[in-house]
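*Asks:* Got a structure for you, written out below as structure tokens; questions coming shortly.
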Amino acid sequence: MALIKCDFFSEVLTISTSMTVILPEETSTQIGLKNNRNEGKIPTLYLLHGFSDDHTIWTRRTSIERYAAEYGIAVVMPQVDHSFYADMEYGKKYWTFISEELPRIARSFFPLSSNREDNFVAGLSMGGYGAFKWALRKPQDFAAAASLSGVLDIANHVNSVQQEENPVNAALFHVYGDSSLKNTEEDLFYLIRQLRKTGESIPKLFQACGTEDFLWEDNKKFHQYAEEMDLPLAHTFTKGTHEWGYWDEKIQEVLAWLPIRSR
């Protein structure tokens, strides 16, 4: 595998930013790592970070480079600050950046497939929410999406945090201002209802959350709603908290679950 830190300028953000990229490499003499690299454009997993992290965190806290090697998949990990993958009320347009500019730029630099069936998105915590939001708002872009310990009931989460005086509250105010998120395109429950009305094809979804996680109730509520809406949703709810040992284990399950096409 090739591990690349890519610094580039974003026209949407009007600033230089970074992404960490893992690219598959066909090798025969490398010891201790099974590499696969098929011909043609490369299937891609966009892997999103959480609230307190950045684009380097997945490679620092997990063995994602080693896990991805056997699947012949590229992994693109962007930097989005505290944005909740939104066009911020008092900040930068990270939703437009992530959903429109980032894939275009990444594909201009690297031989990544643009086919829906070759593209996937996953993330943890804030990034788990971002992964589902991206897949549900742009279902034509992805074959599958996965949320690990995601902030899946964003309207309720923001409302509860707004009642407290802490740095998270201040950051969320910069993202959303005083707006209610219920029944908006930031609300995953609303997005599901809209997709069910239109009949548009929904990407395969995978949800994981530890039963001792502080976001467990959010995740349980989302799962119950998905069942009510007859939404295909693979899930795993096992003992665990909001920590990297859990996410390191679950990202391996995500990679094994992804419908990566054989070449």
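*Asks:* So, residue 120, is that one closer than 24 Å to residue 3 by Cα, within 15 Å of the chain's Cα centre (by Cα) and in contact (Cβ under 8 Å) with a residue 40 or more places away in the chain or not?
*Replies:* yes
*Asks:* Within segment 199-255, take every residue that is aromatic (Phe, Trp, Tyr) and under 17 Å from the mean Cα position of the chain (by Cα) and give me the one that is nearest to residue 131 (Cα to Cα).
*Replies:* It comes out as 206.
*Asks:* Quick one: how many residues across segment 21-43 are hydrophobic (A, V, I, L, M, F, W, C) and either closer than 17 Å to residue 4 by Cα or touching a Pro at 6+ places or on another chain (Cβ under 9 Å) (or both)?
*Replies:* Qualifying residue count for the region: 4.
*Asks:* Out of the residues in segment 175-191 that are under 11 Å from residue 137 (Cβ atoms) and aliphatic (A, V, I, L, M), which is surrounded by the most Cβ atoms within 10 Å (Cβ to Cβ)?
*Replies:* 188
*Asks:* Another question, then. Please tell me if residue 64 is modelled with pLDDT of 95 or more and farther than 22 Å from residue 116 by Cα.
*Replies:* yes
*Asks:* Still on this structure: Could you give every pair whose Cβ atoms fall below 8 Å, whose first residue belongs to segment 42-66 and is touching a residue at least 24 places away in the same chain (Cβ under 8 Å), and whose second residue is part of a helix (DSSP H, G or I) and acidic (Asp, Glu), counting only separations of at least 6 or pairs across chains?
*Replies:* Partner pairs satisfying both residue conditions: 42/118; 43/118; 44/118; 59/65; 61/248; 62/248; 63/248.
*Asks:* Within segment 160-169, can one find any residue that is under 21 Å from the mean Cα position of the chain (by Cα) and either in contact (Cβ under 8 Å) with a residue 60 or more places away in the chain or farther than 21 Å from residue 219 by Cβ (or both)?
*Replies:* There is at least one residue in segment 160-169 that is under 21 Å from the mean Cα position of the chain (by Cα) and either in contact (Cβ under 8 Å) with a residue 60 or more places away in the chain or farther than 21 Å from residue 219 by Cβ (or both).
Conditions tested, residue by residue: (1) in a helix (DSSP H, G or I); (2) polar (S, T, N, Q); (3) on the phi < 0 side of the Ramachandran plot; (4) modelled with pLDDT of 95 or more.
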| residue | (1), (2), (3), (4) |
| --- | --- |
| 120 | no, no, yes, yes |
| 131 | yes, no, yes, yes |
| 136 | yes, no, yes, yes |
| 150 | no, no, yes, yes |
| 157 | yes, no, yes, no |
| 160 | yes, yes, yes, no |
| 165 | no, no, yes, no |
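*Asks:* When segment 65-102 is examined, which residues are found to be touching a helix residue (DSSP H, G or I) at 6+ places or on another chain (Cβ under 7 Å), among the aliphatic types (A, V, I, L, M) and over 23 Å from residue 8 (Cα atoms)?
*Replies:* Hit for segment 65-102 is 68, nothing else.
*Asks:* Shifting gears a bit: Quick one: in segment 194-241, which of the residues that are charged (D, E, K, R) and buried (at least 19 other Cβ atoms within 10 Å of the Cβ) is modelled with the highest pLDDT?
*Replies:* 213
*Asks:* Failed condition for residue 172, given (1) crowded, with 17+ Cβ neighbours inside 10 Å; (2) at pLDDT 95 or above, with all others met?
*Replies:* Unmet for residue 172, out of (1) crowded, with 17+ Cβ neighbours inside 10 Å; (2) at pLDDT 95 or above: (2).
*Asks:* Which of the following residues is touching a residue at least 12 places away in the same chain (Cβ under 8 Å) and among the charged types (D, E, K, R): 197, 239?
*Replies:* 239
*Asks:* Across segment 87-130, which residue is surrounded by the most Cβ atoms within 10 Å (Cβ to Cβ) among those that are in contact with an Asp or Glu (Cβ under 9 Å, 6 or more places away or on another chain) and basic (Lys, Arg)?
*Replies:* Out of the qualifying residues, it is 92.
*Asks:* Scan (1) under 25 Å from residue 255 (Cβ atoms); (2) of a type in the set (A, V, I, L, M); (3) at pLDDT 95 or above for the single condition residue 31 breaks and write down its number.
*Replies:* (3)
*Asks:* For segment 4-42, give me each residue that is among the β-branched types (Val, Ile, Thr) and under 24 Å from the mean Cα position of the chain (by Cα).
*Replies:* Scanning segment 4-42 gives 4, 12, 14, 15, 17, 20, 21, 22, 42.
The values are calculated or read from the model by the stated rules, or taken from the named source; none is laboratory data. None of the values given here were measured: they were computed from a predicted structure. Reconstructed Cβ throughout: ideal geometry from the backbone, glycine too, with neighbour counts over all protein chains shown.
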